[in-house]
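Enquirer: One structure coming up, written as structure tokens, with questions to follow.
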């Protein structure tokens, strides 16, 4: 069935090309027309009134850890390494116990739903979840209508032994998840995620690379997030994390390298030459006191940059509009140069750059592209007057201004109402489950250390 | 009439003292009880269901220029000095023409309403407007129910002559506004605002100081915002802007010094010793590429710090929740120390510190305090689960989660509905007027330069 968004005040095809008083026609899962749509067949269409509204490409949250939606708002006063111990490890311990020992994967379903609800409300139409992924997370995406990229995390060192699987199980399970989910459901794809060099042996990094090549899928890896990591990898290998990953031939145009905060000029050259997309997570870098990624330098050198929230434990939300705004603002202050990063740069990072890096045929509003988009109500005191709609969106709009979200041609939220699940029941159940799981994890963690 | 907020999930008295499952009773303009309220007289009260909600002190936006709500989203690619020329001066020119030459003060009413609507929606219960203030702005506050501090801007140099009044008119008009408005309406007070040393002669700074002392009111002044300013004042006077202001005896516990980005250790000592409150505007400092105020150093030295959005041309909103979050995050990143600034520090800056500096008897929820508060709906996917409500509020909550806002015991927004004006008509009229005014200003400015 076709959907017509009629007479939108603005249709933002991308950061540069913006039409006024235009229609968007969606047929099946793709955009059929943008501009003036003939209305002969209108009676058979779902029609959405676009007046006073802006239609924009949906945001692509290029890196998150969705289980951390159970951990939002926990701790704001501990450095990076202790933060793992205070928040992530207890939760990981509980998940490990429930899922691996007891075969219960309800947690994944709950955090999958809870995080997808938050993102759909904020116009995020595609998200990457790097985690010990479970089928239940992907079932949650399917049920709520989210487009997801499951980044199948593999690790085999540094983290406490009780949280590790043996290497053969890790490999077997990763291959099973690729077979079960990659492009099987139309909105779910898979990448392999060797978490970061200090959590992965050289063997596991090479296995990840070869498996990704064999299946034709991407890699996602954390690189140069903290000084701690850079020092550790330099000591172990003699190289920066980025140079080390490059030496192992992990970096190419299908690889997304998350953070890249503490990088050298040579690192930036490597990223540019290999066409690796950097996934910038400015809020997480602030929260964990890791500092500022030199994004303007990367852009000047031609490195592709996407944007992401990271997990909700270090953000503490999955709000891509606010992340886009922060990216646009932060680098002006760091460089003491108001031209260092513009709203247009940041918007592109939050939409098309993420889509391109992840091989998702969306990120701009063009005929033929997947219909992943958000409709923003502009009739709000904080959005009026709108002198320059792209600036208004990046600097003034809020997630709560998203009224309708469409993913793959399906309306998943309309006029603020989530369509596919009972939102109130789902989020209450999820929150209750999250508290239970974290309490259980804290107990286990306390007893075992 | 009394208002009872019944069985709130959380009552945040201040950043440290939080009660669960508590009531708040408001009688007249003040808070009568917090905790368990006897319900004998309940039938005569307005009762608000607090279940699933947090009651918090309203935010105090300690520095803004409300006319800039007409300029939101304009320009993100010009340095500080050019930005004045591209946005502020054309608008100032149009206002000057309309108000001073033609006696039309409708603009002030429109931006007063538009900005107050945005702030009430975001739980801001008191705001400072530094501007060439007009009676019409204060009439707008009165009509919508906002608590406002009118910071009567006086300037006599640097800015283009066509925007300047003669000095005697400035003084006469300032005295008239003090007499007409200071404590005349119960929610409106006045401070004098010699804008910044580079816009004010020594004579005008001294006149401001003496007039403030005579009336027992405060001063608000921009100090050390940009390197440009610091260099200029050093060259002219041999002192930093803060030392210069101190030499002129402008700094004391009733003075609010806005920005204080480029400060020396000696400047911080002066601020601490004079008990001057610094008004931190982190987002504006980023947008205008001025850098980072060393707030953690100021806190360590005992300088009182309040928080503000600054004008919407450099923010581009009046969203104190997002500003609080940014303050809590930014300084962690700058210091590469996750303990450099906590959610509790930032929340205090956004509430009680601003109220104290401005002499407003609010900022915490205590019996006897003015009933200036916001009620936040916690049943949202981005707020659940809430492990630590203060962290949840600062790191996860959004302005749009504010459901009800009470100012001076009056419900000015209830369940998302603005009570005292027709919001839709008011914001449309205001936005239209803003565009008209800016277009007119651009024409005048182009012709006259």
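The values are calculated or read from the model by the stated rules, or taken from the named source; none is laboratory data. The shown structure was predicted, so the numbers you read here are calculated from the model rather than taken from an experiment. All Cβ positions, glycine included, derive from the backbone under ideal geometry; neighbour counts span all protein chains shown.
Enquirer: When residues of region B:11-20 are filtered for being surrounded by fewer than 23 Cβ atoms within 10 Å (Cβ to Cβ) and in contact with a strand residue (DSSP E or B) (Cβ under 8 Å, 6 or more places away or on another chain), how many remain?
Expert: 5
Enquirer: Follow-up. Which ranges mark the helices (runs of 4 or more DSSP H) fully within region B:29-147 that have 3 or more residues being touching a strand residue (DSSP E or B) at 6+ places or on another chain (Cβ under 7 Å), buried (at least 17 other Cβ atoms within 10 Å of the Cβ) and touching a residue at least 24 places away in the same chain (Cβ under 8 Å)?
Expert: B:106-121, B:135-144
Enquirer: Being under 19 Å from residue A:111 (Cα atoms), within 13 Å of the chain's Cα centre (by Cα) and away from chain B (no Cβ under 14 Å) is the filter here; which residues of region A:56-89 pass it?
Expert: A:60, A:62, A:63, A:65 - these are the residues of region A:56-89 that are under 19 Å from residue A:111 (Cα atoms), within 13 Å of the chain's Cα centre (by Cα) and away from chain B (no Cβ under 14 Å).
Enquirer: Still on this structure, I have one more. Can you name every residue in region B:292-304 that is buried (at least 24 other Cβ atoms within 10 Å of the Cβ) and away from chain A (no Cβ under 14 Å)?
Expert: Passing the criteria: only B:303.
Enquirer: Which of the residues spanning region B:402-434 are within 9 Å of another protein chain (Cβ to nearest Cβ) and free of Cβ contacts under 8 Å to residues at least 60 places away in the same chain?
Expert: Passing the criteria: B:424, B:428, B:432.
Enquirer: Now for a different question. Free of Cβ contacts under 8 Å to residues at least 40 places away in the same chain and farther than 21 Å from residue A:191 by Cβ - does that describe any residue in region A:350-367?
Expert: Checked region A:350-367: no residue is free of Cβ contacts under 8 Å to residues at least 40 places away in the same chain and farther than 21 Å from residue A:191 by Cβ.
Enquirer: Go through region B:335-373 and report how many residues are in contact with a strand residue (DSSP E or B) (Cβ under 9 Å, 6 or more places away or on another chain) and more than 18 Å from residue B:20 (Cβ to Cβ).
Expert: Residues in region B:335-373 being in contact with a strand residue (DSSP E or B) (Cβ under 9 Å, 6 or more places away or on another chain) and more than 18 Å from residue B:20 (Cβ to Cβ): 24 in total.
Enquirer: Quick one: residue A:367 ticks every box in (1) on the phi < 0 side of the Ramachandran plot; (2) within 14 Å of chain B (Cβ to nearest Cβ) bar one, so which box is it?
Expert: The number of the failed condition is (2).
Here's the yes/no breakdown for (1) assigned to a loop (DSSP other than H, G, I, E, B); (2) at pLDDT 95 or above; (3) within 12 Å of chain A (Cβ to nearest Cβ); (4) within 22 Å of residue A:121 (Cα to Cα):
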| site | (1), (2), (3), (4) |
| --- | --- |
| B:306 | no, yes, no, no |
| B:334 | no, yes, yes, no |
| B:346 | no, yes, yes, no |
| B:349 | no, yes, no, no |
| B:363 | yes, yes, no, no |
| B:375 | no, yes, no, yes |
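Enquirer: Of everything in region B:316-332, what is assigned to a helix (DSSP H, G or I) and either modelled with pLDDT under 95 or within 27 Å of residue B:128 (Cα to Cα) (or both)? Give them in sequence order.
Expert: The answer is B:320, B:321, B:322, B:323, B:324, B:325, B:326, B:327, B:328, B:329, B:330, B:331.
Enquirer: On the basis of being in a loop (DSSP other than H, G, I, E, B), within 9 Å of chain B (Cβ to nearest Cβ) and farther than 30 Å from residue A:302 by Cβ, does residue A:386 make the cut?
Expert: The answer is yes for residue A:386.
Enquirer: Within the bounds of region A:312-329, is there any residue that is within 9 Å of chain B (Cβ to nearest Cβ) and more than 19 Å from the chain's Cα centre (by Cα)?
Expert: yes
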